[in-house]
Structure formats: structure tokens, C-alpha cells
1. Find the centroid of the Cα atoms in region 77-104 and in region 170-214, then give the distance between the two in whole Å.
2. Can you list the HN-Hα couplings for region 129-141, worked out from phi with the Karplus curve (6.51, -1.76, 1.60; θ = phi - 60°), rounded to whole Hz and with x for Gly and Pro?
3. Taking the Cα-to-Cβ direction at residue 216 and at residue 155 and moving 7 Å from each Cα, how far apart do the two end points lie in nm?
4. What percent does the relative contact order of the chain come to when contacts are Cα pairs within less than 8 Å and at least six residues apart?
5. Taking a probe of 1.4 Å, how large is the accessible area per residue of region 68-260, in Å²?
6. Per-residue HN-Hα couplings for region 83-91, Karplus 6.51 cos²θ - 1.76 cosθ + 1.60 at θ = phi - 60°, whole Hz, x for Gly and Pro?
7. May I ask you to evaluate 6.51 cos²θ - 1.76 cosθ + 1.60, the Karplus curve with θ = phi - 60°, for each residue of region 110-116 and list the ³J(HN,Hα) values in order in whole Hz, giving x for glycine and proline?
8. What percentage of the solvent-accessible surface of region 68-260, computed with a 1.4 Å probe over protein heavy atoms, is contributed by carbon and sulfur atoms?
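The values are calculated or read from the model by the stated rules, or taken from the named source; none is laboratory data. In this text, all values refer to a predicted model and were calculated from it rather than measured experimentally. When we count neighbours, we look across all protein chains shown, and the Cβ atoms used for this are built from the backbone with ideal geometry, even at glycine. For the accessible areas, the whole protein counts, side chains as well, though only heavy atoms, and no ligand, DNA or RNA atoms are used. Shrake-Rupley method; radii C 1.70, N 1.55, O 1.52, S 1.80 Å.
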Amino acid sequence: MSPVLEPVVPLSARRRPVPRWLRRTTGPLLLLVLWQVSSATGVLPSDILASPGTIAGTASDLLKDGTLPHAMLVSVQRVLIGLVIGGVVGVALALISGLSRLGEDLVDASVQMLRSIPWVGMIPLFIIWMGIGEAPKIALIALGVTFHLYLNVYAGIRGVDAQLIEAGTALGLGRWGLIRHVVLPGALPGAMTGLRYSLATAWLALVFGETINADDGIGFLLNRAREFFQTDVIVVCLIVYAALGLLADFIVRTLERLLLQWRPNFTGK
């Protein structure tokens, strides 16, 4: 009777894999524990940085009295308005410049010149032109969004494979047919990347914009807390900024998966 051969299973394969969500949360949790221990033992004084427990209590109080939800609503509204305005302008300029050599000659040089100017440096001019109301805050957000979308959409259009254009022409597609069925779908990955960068810039511009004599919003809470050395409120506002930014990025990633199902992606090993 011949012996029965059993396959050799590596020891690493027998181990139960650690869930990915657990691996991703281990680092932040360890940092949070270290922070709390440092605060409790006096290594980290409360006037330098409040403890996580104090920050959680402050966040709860701000939520209960409605201060934080109202500030979040005002800030999100500013970002959305600036994102829409900047998105329309950026995409329109990218289409004009990307689809036509004449448009590129007329538009691209001017946009590249303006892009080299730090958009934060435009705050004094915006105050002179628009006052200290909502307009300069929204304009600053729109300006930061415009350049990111322009660059990525323009690069996406010009990065379409020329062989796809030749194949579309051979199939009888005219100019507008090529734009609709070949160029724009090919530029969509670049547009989604530009949208993600634009959202990150929008939140950054919001922080600067809400320092312009704001009387409401998360930035207003942040500045008021700075004046009274309320580190717990400052950290709460920073956490809200980060959470809103992550939520916006998650929405764009979801849209990217839905709109780019035709494109295979490497997701790591």
C-alpha cells in the first residue's frame, strides 16, 4: 500500500489573518492611549494640549447646545458653493484648452501664470474688491479649486491614447462623437483625481477664508478659542475639519469606483 501524501501547508497560511480595519486602527488607538496617559500623568500639561477625555466632553457640550452643528453647516455651505463655482470654471477652461490648440494658446499661458501666484496671497485683494463678507471666503475656495481641476482635466484630455482617436475615426465618429465617446471618458480618471485634490484644497482654503472677519463657522470657533487659549475647542475644530475632509474623500472615492468600473486597478497585495 503506497503512502498517502499530504500537501505541506506553510505555517503563515495556517494563521488567521488580522482584519485590515483592525490593522488600520491600531496606530491611531495607540497614539490616543499614549496621549491620555501623558495627560493623566502630567507629562503633557493641559494648558499645552487638553486630554482626549476633556476634548470629548467639550465636543459633547458643543453638540448639545447646537454650536458645533450650526458652525459645520455654515462651513460646509461655503465649501460647496466655492467648489461648484471653481469646478465649473476649471472644467470649462480645461475643455477649451484641452480640446483645441487655439484654446490652449489663448487660455493655458494665462492660467499657468495665475497658478504660480500663491492663492492665499490673494486674500488682501479679495478684501479690497469684495469686502469682508461671504464673497471673499467663497472666492478664495473657488480659486484654489479651479487650478486643480483645470490641470487634471486638461492633462486627462491630452493624455488620451491617440490610437483610440484613430480607432474612433475609423468607426465613423465625427469630432463631437470622438469628444463624447472617447476623449471625455478617457479624461474622467484625471477629472476624479482633480476633484479629490480640489476638495482637499477647498478645506484648506476654508481655514484661511474663515479668518477674514468671520462671525460664524468652524474657523470662527477656532479663532475665538485661540484668543481664550481653549486648546480643547481648538482640537475639536481640527477634528471636525479632518472628519469632513475624510467624508468628502470617501464620497469621491465611491463615485470613482462607480464611474470607473471599466478600468481595472491594482489594489495592492
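1. First find each Cα centre; the distance between them is then 8 Å.
2. Coupling constants for region 129-141: 6, 10, x, 10, x, 6, 4, x, 5, 5, 4, 5, 5 Hz.
3. That separation, rounded to one decimal, is 3.8 nm.
4. Dividing the mean separation by the residue count of the chain yields 22 percent.
5. Ligands and nucleic acids excluded, the figure is 53 Å² per residue.
6. Karplus-based 3J(HN,Hα) across region 83-91 equals 5, 5, 5, x, x, 5, 5, x, 5 Hz.
7. 5, 5, 5, 5, 5, 5, 6
8. Taking all protein chains in place, region 68-260 shows 70 percent carbon and sulfur surface.
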